[in-house]
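Following: one structure in structure tokens, then a few remarks.
The values are calculated or read from the model by the stated rules, or taken from the named source; none is laboratory data. Quick caveat: nothing in here was measured; it's all calculated off a predicted structure. Every residue, glycine as well, gets a Cβ built from its backbone with ideal geometry; the counts of neighbours run over all protein chains shown.
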Amino acid sequence: MLFGIPWDTSSNVAFAVSILPILLRGLWVTLQATVLGFAIALVLGLLLAILRMAPYKIISWPVGFFTEFVKNTPLLVQLYFLYFVLPDFGIVFPAFLTGAIALGLQYSGYTAEVYRAGIEAIPRGQWSAATALNMPLFLTYRDVVIPQAIPRIVPAMGNYLVSMLKDTAILSAVTVMELLNVANIIGDRTFRYFVPLTMVGAIFLIVTLISSTLVRFIESRLPKDGIPLR
């Protein structure tokens, strides 16, 4: 008995084994959405950070507003807007791509702040040296600023990666066949929710622990004074 409910261990173990391959296919979709969404967040976040630091208010203010907007509105609202509202304007994306874009947009606001903090932590002497060498702004960022900022931002970026991995469960709201959605479908068809949902929790725990360990490993291996690009 479990909480007064009959519990057949052998039956539940057999059920768990039978649905594991299906859940792993859902996990693969979850990982793909995480990787694509995080790539969008990294690229867009860097662009937003650089533009927000621009000396011209006509650039920095709109970018700052956009950054605050995506950070301070719920991910689910953004996801619904992309999936249900954009088609009214003729913009239609597949559910998976819509979910990845929503994740990327939401987290670009956070990664932009992380980038900005990392860039502002670079000593002013580095900027002055680049200016003295008459380096273009693009080369200054590429060869001087970004390589030194990376070791400073990896821990925070790793935390957001883990958070994004867990937030992929929201994509089930737009029929993406990620891990949680697959578990819910199994429960709907078999009327057995305890085993699949427990397995989802365990799988998420394992994957997030592995991800956190990998981030800490990368952090420990990075040179503290920056990554040489040449």
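Worth pointing out:
- Filtering Ile50, Ile59 for residues that are free of Cβ contacts under 8 Å to residues at least 40 places away in the same chain, more than 24 Å from Ser172 (Cβ to Cβ), in a helix (DSSP H, G or I) and in contact with a Lys or Arg (Cβ under 9 Å, 6 or more places away or on another chain) leaves a single hit, Ile59.
- Candidates Ala173, Ala169, Ala183 - the one that is within 30 Å of Ile22 (Cβ to Cβ), part of a helix (DSSP H, G or I) and within 17 Å of the chain's Cα centre (by Cα): Ala169
- Odd one out for Phe191 among (1) under 30 Å from Ser11 (Cα atoms); (2) surrounded by 15 or more Cβ atoms within 10 Å (Cβ to Cβ); (3) without any contact (Cβ under 8 Å) to a residue 40 or more places away in the chain: (2)
- Residues considered: Ser163, Ser172. Of these, the only one that is modelled with pLDDT of 90 or more, out of contact with any Asp or Glu (no Cβ under 9 Å at 6 or more places or on another chain), surrounded by fewer than 22 Cβ atoms within 10 Å (Cβ to Cβ) and of a type in the set (Gly, Ala, Ser) is Ser163.
- In segment 74-99, the residues that are surrounded by 14 or more Cβ atoms within 10 Å (Cβ to Cβ) and part of a loop (DSSP other than H, G, I, E, B): Phe93
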